[in-house]
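To start, the structure itself, in structure tokens.
The values are calculated or read from the model by the stated rules, or taken from the named source; none is laboratory data. The shown structure was predicted, so the numbers you read here are calculated from the model rather than taken from an experiment. Cβ: placed from backbone, ideal geometry, glycine included. Neighbour counts: every protein chain shown. With ligands, DNA and RNA removed, areas are computed over all heavy atoms of the protein, side chains included. Shrake-Rupley method; radii C 1.70, N 1.55, O 1.52, S 1.80 Å.
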Amino acid sequence: MQVHEAIEKRRSIRKFADDPVSRDEIMKLLEAARLAPSAMNAQPWRFKIVDGREDIQWLSGSPTRGQKWVAGAGAVLICCADITRFLEDARAAVRFLRDSAVLPPEMQAGVEDYVEKAQNAPTEVLRGAVGMNCSIALTHIMLRATEMDLGTCWIGMYDEEALRQRFNLPQQAAVMALLAVGRPAESPEPRPRKAMEEIILD
Ligand SMILES: Cc1cc2nc3c(=O)[nH]c(=O)nc-3n(C[C@H](O)[C@H](O)[C@H](O)COP(=O)(O)O)c2cc1C
């Protein structure tokens, strides 16, 4: 399958067949995430694999604000971001760039400025920064899943504290999104999209 075919074929799937998603398939999806680009190559994403029936059932209640359809998923990936490591890795990347003098001075100053600002940024701003990186990793997963005839649906509504307690997520792991994965049992029509003229700025 060509990339453009996966982009065109992907839909949010909320109805799944009973067959489980194997660990091997999940590892292929996570490999697609692992290869995603990230700011300063910091790769802040961390994934919790939820594939136990009881845990998935639990997720379909109040932890996802009552999204009952989640119960049918073969697995749910909890995408977290380690903000502390993101800052450390970004600092290390800046030091490496400085020591190896690969960047022209103006660009080096630019990345140092970016990382310096990040060190002092409020947590909410940092959540946005790492969230952007995680979105790319999750998009890789969704497209790879499409190629593997798996269906996915992004879950943006969740109770972070409830997830942290249930799955023993580390305190520094901010939950960025959940992704339901399974074998599609529906073929939804494409959802409407804005016309090209609406998304190109004059
Ligand atoms: C950031 C984000 C949050 C989303 N949250 C949810 C959600 O909580 N529950 C849900 O059923 N779908 C959720 N979706 C899926 C969107 O509703 C879906 O992508 C959109 O309607 C377009 O449909 P398509 O994915 O089939 O093209 C979310 C998607 C994104 C990107």
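With springs only between Cα atoms under 10 Å apart, run a GNM on the chain and tell me which of 174, 17, 137 wobbles the most.
Highest fluctuation of the listed residues: 17.
Apply the Karplus parameterisation 6.51 cos²θ - 1.76 cosθ + 1.60, with θ equal to phi minus 60°, to every residue of segment 59-71 and state each ³J(HN,Hα) to the nearest whole Hz, in sequence, with x for glycine and proline.
4, 6, x, 4, x, 10, 6, x, 7, 4, 4, 4, 4
Out of the total accessible area of the chain (probe 1.4 Å, heavy atoms of protein only), what percent is carbon and sulfur?
Carbon-and-sulfur percentage of accessible area, whole number: 54.
For residue 183, which sequence-distant residues (separation of 5 or more, or a different chain) have an amide H within less than 5 Å of its own amide H, given hydrogens modelled in the peptide plane?
When sequence neighbours closer than 5 places are left aside, the close amide H contacts are 17, 74, 151.
What are the residues whose amide H is under 5 Å from the amide H of residue 177, where those residues sit 5 or more places off or on another chain and H is modelled from the backbone?
For residue 177, whose amide H was placed from the backbone, the distant partners under 5 Å are 79.
Give the residue from 105, 32, 50 lying farthest towards the positive end of the charge dipole for segment 3-187; charges sit on Cβ (+1 for Lys and Arg, -1 for Asp and Glu) and the dipole is referred to the Cα centre.
50
Given R₀ = 30 Å, what would the calculated FRET efficiency be for residue 103 paired with residue 34, taking r from the Cβ atoms and rounding to 0.05?
0.75
Over segment 3-187, what is the mean sequence separation of C-alpha contacts under 8 Å (at least six apart), divided by residue count, expressed as relative contact order in percent? Intermediate results must be reported in sequence, preceding the final value.
Working: 295 pairs, mean separation 73.4, N = 185.
Rounded, it is 40 percent for segment 3-187.
Trypsin sites (Lys or Arg not before Pro), restricted to segment 47-128: which are DSSP loop and have at most 15 other Cβ atoms within 10 Å? Show your work: numbers first, answer last.
Working: sites: 48, 53, 65, 68, 85, 91, 95, 98, 117, 127; in loops: 65.
Here the sparse-neighbourhood loop sites are 65.
Residue 112 to residue 189: FRET efficiency via 1/(1 + (r/R0)^6), r the Cβ-Cβ distance, R0 35 Å, to the nearest 0.05?
Taking R0 as 35 Å, the efficiency between residue 112 and residue 189 is 0.10.
Work out the charge dipole of segment 3-187 with +1 on the Cβ of Lys and Arg and -1 on the Cβ of Asp and Glu about the Cα centre, then indicate which of 61, 136, 74 is farthest towards its positive end.
The residue sitting farthest along the positive end of the dipole is 61.
I need the phi-derived Karplus couplings for segment 148-162: 6.51 cos²θ - 1.76 cosθ + 1.60, θ = phi - 60°, integer Hz, Gly and Pro marked x.
8, 6, 9, x, 9, 8, 5, 10, x, 9, 7, 9, 4, 5, 4
Taking only C-alpha pairs under 8 Å that are 6+ residues apart, what is the relative contact order of segment 64-169 in percent?
The value is 39 percent.
Sum -39500 (n - 2.57) across every DSSP H segment of at least 4 residues in the chain, then divide by the residue count to get the 222 nm mean residue ellipticity, nearest 500.
Numbers: 8 runs with 96 residues, N = 202.
Dividing the helical sum by the residues of the chain leaves -15000 deg cm²/dmol.
Just to confirm my numbers, what's the Cα centroid distance between segment 1-64 and segment 91-116 in Å?
Between the Cα centre of segment 1-64 and that of segment 91-116, the gap is 33 Å.
Treating only the Cβ atoms of Lys and Arg (+1) and Asp and Glu (-1) as charged, compute the dipole magnitude of segment 3-187 about its Cα centre; round to the nearest 20 debye.
So the dipole magnitude of segment 3-187 works out to roughly 300 debye.
Taking 7 Å along the Cα-to-C-beta vector as the label spot, tell me the residue 125-residue 162 distance in nanometres, rounded to one decimal.
3.2
Among 161, 25, 189, determine the one that fluctuates most according to a GNM of the chain built with springs between C-alpha atoms less than 10 Å apart.
Checking each option, the largest mean-square fluctuation is seen for 189.
Which shape class applies to segment 119-202: rounded if a/c is under 1.5, otherwise prolate when a/b exceeds b/c and oblate if not, where a ≥ b ≥ c are the square roots of the Cα gyration tensor eigenvalues?
oblate
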